[in-house]
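Chemist: There's a structure below that I have some questions on.
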Amino acid sequence: MTNSAIEDAKQAALSVLLHNAHGDYHGLPRTAGWGYAEPYTRDLMIASLGMLVTGDQTLLASTRAVLEALASNQTPLGHIPGLAHDPGDLGSSDTTPLFLIGLALFRAAAGEARFLSAAAEKALTWLRYQSPDNSGLVAQQPTSDWRDEQWVPGFGLYVNTLVYIALRLWDRSEEADAVGRLINLPIVRAGWKDAHVHEGLAIPDKPYYALWSYKVHNSERFDLLGNSLAVLSGAASPAKASQMVDWIESQCQALQRNHALAVNLPPCLFPYIQPGDGDWNPRYQQFNQPGEYHNGGLWPFAIGFYIAALVAAGRADLASDKLDLLTELIRLARQVNVTFGFNEWLRAQDGTPRGQDWQTWSAAMYLYAAAAVEENRTPFLDHLRGQNSAAG
């Protein structure tokens with residue numbers, strides 16, 4: 001693909017972010033250009049990676065406003081709400097570590113080392129109380145992370161990689177080391193359980209981490225976002241990261257041969273959950289069919305994280321190839337006549353857009369992925385890798 005096509009896409013992504021920077025709720029950013037007017041915490045904190053990498057002052061100010069709103073609406077115990085403007089929207093498992101990540105990145109970008117320090121300390125304290133056995137791994141309720149239509153109970157990979165990153169960014173090295181060690185412990189399969197063995201998230205005979213685990217229960221389905229974060233953060237060793245990339249690429253090729261994947265980009269989850277599987281939920285019939293939404297949909301923001309993970313794994317050429325494919329994918333729009341749709345998610349089997357157009361985190365993570373490929377580094381996160389002596 002020509003550099004001009006990528007530059008066109010980057011300019012379009014910046015236009016989306018600027019369009020969405022001021023919304024209907026206290027002037028806070030919109031989550032999508034037309035579909036989601038609300039300032040969803042997880043979307044905007046993830047999007048801060050792409051916003052801050054632009055250096056745009058409007059986006060820097062927008063991120064500041066979100067962080068200030070979140071701090072003002074934080075619960076007395078330190079939990080961050082799921083909507084930046086609504087102190088009553090509680091129960092999300094990922095918003096508090098995402099707030100800590102977004103705040104740390106903003107402080108570094110803005111040069112404000114003491115910004116919202118009290119809110120950060122409260123959030124770090126809240127995280128400690130989310131570990132039911134005081135081990136460091138945090139537990140969650142089903143549908144409480146970004147997958148609001150998928151059951152991920154117990155110790156989820158995605159949330160715990162966020163916790164690991166947050167602890168590293170806030171120089172909580174001892175706590176981060178403990179989480180990193182536990183992530184790299186093996187899952188406990190039925191019949192293995194020993195009273196002195198703590199479950200982890202590593203799968204002994206596979207090169208990636210489990211979606212979740214809790215005691216002898218777990219899911220070995222592949223979680224693109226959680227595993228990409230494990231690579232980016234250094235929770236996964238360079239050797240594991242390389243093996244994981246090879247496995248992902250081979251699995252995507254197999255999905256394409258079976259007509260279960262339309263483009264050579266990874267779905268958010270695979271293998272897809274099928275009706276009749278043990279983890280099929282009757283509600284999935286309406287919201288989460290195989291290859292759709294959280295059950296294997298193509299999410300541009302998550303693919304952006306994968307492209308950055310490829311850079312982190314030393315696979316720059318493959319990352320560049322995937323950025324070209326993502327550049328074509330983000331052109332597709334569902335409802336509006338625009339050159340780049342930056343749609344929320346697309347159906348894996350045919351690549352049709354099914355979510356909202358001009359999604360903030362789709363545009364932001366495209367910019368982050370493009371920066372990672374162009375600079376052959378992962379902005380804000382490079383220094384995290386190599387810090388975990390227990391990386392798997």
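Chemist: By average Cβ neighbour count within 10 Å, what is the ranking of 212-225, 374-387 from highest down? Provide the component values of the computation, followed by the final result.
Modeler: On the way: 212-225: 21.0, 374-387: 16.3.
Highest to lowest by the protection proxy: 212-225, 374-387.
Chemist: Over the stretch 3-384, what lengths in whole Å, largest first, do the semi-axes of the equivalent ellipsoid take, defined as the square roots of 5 times the eigenvalues of the alpha-carbon gyration tensor?
Modeler: Semi-axis lengths for the stretch 3-384 are 28, 26, 20 Å.
Chemist: If the cut-off is a Cα-Cα distance under 17 Å, which lysines reach K10, setting aside same-chain residues fewer than 8 apart in sequence?
Modeler: The qualifying lysines are K322.
Chemist: For the stretch 168-295, evaluate the Debye formula with one uniform point scatterer on each Cα (no solvent term) and list log10 I(q)/I(0) at q = 0.11, 0.20, 0.23 Å⁻¹, rounded to two decimals.
Modeler: Results for the stretch 168-295 at q = 0.11, 0.20, 0.23 Å⁻¹ read -0.45, -1.22, -1.36.
Chemist: Mean-square fluctuation check for the chain, GNM, Cα pairs under 10 Å: which of A371, A113, A166 is largest?
Modeler: A113
Chemist: Would you mind ranking W247, W345 so that the residue whose beta carbon has the fewest other beta carbons within 10 Å leads the list?
Modeler: Working: W247 15, W345 22.
Lowest to highest Cβ neighbour count: W247, W345.
Chemist: Can you list the residues, at least 5 places off or on another chain, whose amide H is less than 5 Å from the amide H of N295, using H built in the peptide plane?
Modeler: Residues meeting the criterion, in which the H sits 1.01 Å from N, do not exist here.
Chemist: Still on this structure, please answer the following. Taking neighbour Cβ counts within 10 Å as the exposure measure, how do E174, E38 sort from fewest upward? All intermediate terms of the calculation are to be shown ahead of the outcome.
Modeler: Numbers: E174 9, E38 20.
Ascending Cβ contact count within 10 Å gives the list E174, E38.
Chemist: Right, something else. Figure the gain on full extension for R64 and D24 (residue separation times 0.36 nm, minus the Cα-Cα span) and round it to one decimal in nm. Please report the intermediate quantities before stating the final value.
Modeler: Details: separation 40, 0.36 × 40 = 14.40 nm, distance 1.71 nm.
Contour length minus Cα-Cα distance gives 12.7 nm.
Chemist: Would you look at the GNM of the chain, springs on alpha carbons closer than 10 Å, and say which of T161, T360, T75 moves the most?
Modeler: T75
Chemist: Also, quick follow-up: What net charge is computed for the residues neighbouring P87, neighbours being all others with C-beta under 15 Å from the C-beta of P87, Lys and Arg scored +1, Asp and Glu -1? Numbers along the way, then the final one.
Modeler: Details: positive: K122; negative: E38, E68, D86, D89.
Taking every other residue near P87 into account, the sum is -3.
Chemist: If I stretch the segment between N134 and E112 completely, what's the gain in nm (0.36 nm per residue apart, minus their alpha carbon distance), one decimal?
Modeler: Length gained between N134 and E112: 4.7 nm.
Chemist: Still on this structure, please answer the following. Can you list the HN-Hα couplings for the stretch 255-271, worked out from phi with the Karplus curve (6.51, -1.76, 1.60; θ = phi - 60°), rounded to whole Hz and with x for Gly and Pro?
Modeler: 4, 5, 4, 8, 6, 9, 8, 8, 10, 7, 10, x, x, 6, 8, 7, x
Chemist: Taking other Cβ within 10 Å of each residue's Cβ, how do V163, V338 sort, fewest first? Walk me through the numbers on the way to the answer.
Modeler: Details: V163 27, V338 15.
Placing the least packed residue first, the sequence is V338, V163.
Chemist: What list of ³J(HN,Hα) values in whole Hz, one per residue of the stretch 205-212 in order, does the Karplus curve 6.51 cos²θ - 1.76 cosθ + 1.60 (θ = phi - 60°) give from phi, with Gly and Pro shown as x?
Modeler: With the stated coefficients, the stretch 205-212 comes to 10, 9, x, 9, 9, 5, 4, 6 Hz.
Chemist: So how much slack lies between S250 and F287, counting 0.36 nm per residue of separation and subtracting their Cα-Cα distance, in nm?
Modeler: On the way: separation 37, 0.36 × 37 = 13.32 nm, distance 2.80 nm.
That works out to 10.5 nm of additional length.
Chemist: Nothing charged except the Cβ atoms of Lys and Arg (+1) and of Asp and Glu (-1): what's the magnitude of the dipole of the chain about its Cα centre? Round to the nearest 20 debye.
Modeler: Details: 28 positive and 40 negative charges, 75 e Å.
Here the size comes out at about 360 debye.
Chemist: Using the crude model of +1 on Lys and Arg Cβ and -1 on Asp and Glu Cβ, and no other charge, please compute the dipole size for the stretch 1-152 relative to its Cα centre, in debye to 20.
Modeler: On the way: 9 positive and 16 negative charges, 82 e Å.
That gives a dipole near 400 debye.
Chemist: D for the stretch 285-359, whole µm²/s, Stokes-Einstein with Kirkwood Rh over alpha-carbon pairs at 37 °C and 0.692 mPa s: what number? Kindly include the intermediate steps, with their values, before the conclusion.
Modeler: Details: Rh = 12.8 Å.
For these conditions, the coefficient is 256 µm²/s.
Chemist: A further question follows. Toward the positive end of the charge dipole of the stretch 3-384, about the Cα centre and with charges on Cβ (Lys, Arg +1; Asp, Glu -1), which of G341, Q286, W212 goes farthest?
Modeler: Toward the positive end, the furthest listed residue is W212.
Chemist: Another question about this same structure. Provide the percentage of antiparallel DSSP beta bridges, counting only those with both residues in the chain; round to the nearest 5.
Modeler: Looking only at bridges with both residues in the chain, the antiparallel portion is about 95 percent.
Chemist: Now for a different question. What ³J(HN,Hα) values, in whole Hz, does the Karplus curve 6.51 cos²θ - 1.76 cosθ + 1.60 give for the stretch 230-245 when θ = phi - 60°, with x put for Gly and Pro?
Modeler: 4, 5, 4, 7, x, 4, 8, 5, x, 5, 5, 4, 5, 5, 5, 4
Chemist: Sticking with this one: Where the centroid of each part is defined by its Cα atoms, how far is the stretch 142-166 from the stretch 342-356 in Å?
Modeler: One Cα centre to the other: 22 Å.
Chemist: Next up: Quick one: net charge around T41, please, counting Lys, Arg +1 and Asp, Glu -1 for every other residue with C-beta under 9 Å from its C-beta.
Modeler: Working: positive: R42; negative: D43, D89, D94.
Summing Lys and Arg as +1 and Asp and Glu as -1 gives -2.
Chemist: Could I ask something else about it? Please find, in a Gaussian network model of the chain (springs between Cα atoms separated by less than 10 Å), the residue of A123, A369, A308 whose mean-square fluctuation is greatest.
Modeler: Looking only at A123, A369, A308, the largest GNM fluctuation is found for A123.
Chemist: For K215, which lysines qualify as cross-link partners when the Cα separation must be under 23 Å and same-chain residues fewer than eight apart are set aside?
Modeler: K193, K206
A short reminder: the numbers here are calculations on the coordinates, not readings from a lab. Please read these numbers as outputs of a predicted model, since none were measured by experiment. Positions of Cβ are generated from backbone atoms using ideal geometry, with glycine treated the same way; all protein chains shown enter the neighbour counts.
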